[in-house]
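Take a look at the structure below.
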Amino acid sequence: MKPRIVRTVAALRRETMAWRINNLKYAVVPTMGALHNGHLTLVSEGLKRADRVIATIFVNPKQFAANEDLSRYPRDEDGDIRKLAKAGTHLIFAPPPEEVYKPGFCTTVSLAGPAKAGLEDKFRPQFFDGVTTIVSKLFIQTGADFAMFGEKDYQQLKVVTRMAKDLDLPIEVVGVPTIREPDGLAMSSRNRYLSATERKQATAIYQALSLAADKIRAGIDPQTASRSATRALTTQGFKVDYVTARHAETLAVPEERHDPLRLIAAAWLGKTRLIDNIAV
Ligand code: AMP
C-alpha cells in the first residue's frame, strides 16, 4: 500500500482526526530521512503496538551548528518513500522548513537533566534544544499514542522520554534496540560519509565498547575500562570525543557499584562523527 504523503500540519491533522474518530491507535517515527534498516525497524516495532504508523522526514536545521553537516546531510526522499511503503507505513509527514518554522518562530523547548549530562550536549551545545523543540512539535502535531526512538541515539532517547513526562504529553516513548551491520557497526545515515577504508575501521567502536563491557562485567572499574577503550580507539586513528560508563537511566556518573550501566561513545573517523552505546 502506498502511504499518503502530507506536507502541512493541517493535512496531517485531517488524516489523524479520521483515525481518532475510528478509535485507531497510532505511532510516530521521527526521522531525518536517508533511511536504513534501523529506521525501518522503528516502523515495524510501531506496527506491533499501533494500528497506524506515521513516519516523519525532516532534516531539522535547529539541531545543527553552523559548522556542522546540515547542507551535506544525505537526502533521498524518493528512496525513503519507497522504503517506508515497503515497511508498511501508513502516512508520511515531510514538511518543508517554512511549514515547521513559520516567520517569527521564537519558542525553544529546553531540558536540564539527561540533556546536560556532559555527553552529546558538551560537544554539540545546540543539539538537544533543537531536538526537543522539533520533537515536542511533532508530538503535538501528530497527537500520536506512541513515539518510536532508537537506542542508537541513547542520550536523545532519555531526553525525549524525560521531556514527554515533564510536559505531560500523552504519548508513550518506546526505545528500540540498535540495528547493526553484520560486522557490528551501528547503522547510521552518516555511515555513507565513510570511505571504504574508514568503513572497515569503523567497526572498532563497537568492538571497543564490547570489550569494555566485558571487562566491567569481570569486575574492572567502569572508568578504567572506558579509558582503555578510548586509548584503543585513539591508537586506531579515531579522535575520541568521549567513551564513558553512565547510569543507564539518568545518564549521571554512576555512584553505586550496582547501578545499571550504559557504555556510551562518540568519536571522529576522518570527517565523520560516529556515536554508539551498549548495555553493560
Ligand atoms: P535520524 O534520522 O538519524 O535522526 O534517526 C531517526 C531515528 O532512528 C532515531 O530515533 C534514531 O535513534 C533511530 N535510529 C537511527 N539509527 C538506528 C539504528 N541503527 N538502530 C535503531 N534505531 C536507529
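Just so it is clear, none of the values below were taken in a lab; they were calculated from the coordinates. This is a predicted model, so every value here is computed, not measured. Here the Cβ positions follow ideal geometry from the backbone for every residue, glycine too, while neighbour counts run over all protein chains shown.
Descriptive notes on the structure:
- Rg to Rh quotient for the chain, alpha carbon positions, Kirkwood Rh: 0.97
- Across segment 74-188, the relative contact order, built from alpha-carbon pairs under 8 Å that are at least six residues apart, equals 20 percent.
- Relative contact order [Cα under 8 Å, 6+ residues apart], segment 165-280, whole percent: 23 percent
- Distance between the modelled labels on Arg257 and Cys106, one decimal in nanometres: 5.5 nm (7 Å Cα→Cβ projection).
- With respect to the chain, whose longest principal axis is taken over its alpha-carbon atoms, helix 9-21 is tilted by about 80°.
- Most to least packed among 106-113, 183-190 [average Cβ atoms within 10 Å]: 183-190, 106-113
- Under the Karplus curve 6.51 cos²θ - 1.76 cosθ + 1.60, θ = phi - 60°, whole-Hz ³J(HN,Hα) for segment 266-278, x wherever Gly or Pro sits: 9, 8, 8, 10, x, 9, 10, 9, 10, 10, 7, 6, 9
- Panel order for Lys62, Lys271, by other beta carbons found within 10 Å of each beta carbon, from fewest to most: Lys271, Lys62.
- Cα gyration tensor category, rounded, prolate or oblate, for segment 161-280 with a/c compared to 1.5: oblate
- Angle in degrees between helix 127-142 and the longest Cα principal axis of the chain, rounded to the nearest 10: 30 degrees
- A simple rule links phi to the HN-Hα coupling: the Karplus curve 6.51 cos²θ - 1.76 cosθ + 1.60 with θ = phi - 60°, which for segment 257-265 gives 4, 9, 4, x, 10, 10, 8, 10, 9 Hz, with x for Gly and Pro.
- A protection proxy built from the mean count of other Cβ atoms within 10 Å ranks the segments 27-36, 160-169, most packed first, as 27-36, 160-169.
- Averaging the sequence gap over all C-alpha pairs within less than 8 Å and six or more residues apart, then dividing by the number of residues, gives the chain a relative contact order of 17 percent.
- Expected 222 nm ellipticity per residue - DSSP helices of 4 or more, -39500 (n - 2.57), all of the chain, to 500: -12000 deg cm²/dmol
- Lys2-Ile220 pseudo-label distance in nm [points 7 Å out on the Cα-to-Cβ vector]: 5.6 nm
- The trypsin sites (Lys or Arg not before Pro) of segment 226-257 that DSSP puts in a loop, and whose beta carbon has at most 15 other beta carbons within 10 Å, are Arg257.
- Full extension of the segment from Arg190 to Gln236, taken as 0.36 nm per residue of separation minus the current Cα-Cα distance, would add 14.6 nm.
- Along the chain, the longest continuous region that contains none of the GluC sites (Glu not before Pro) in a DSSP loop with at most 16 other C-beta atoms within 10 Å is 69-248.
- Helix 77-87 and the longest principal axis of the C-alpha atoms of the chain enclose an angle of approximately 90°.
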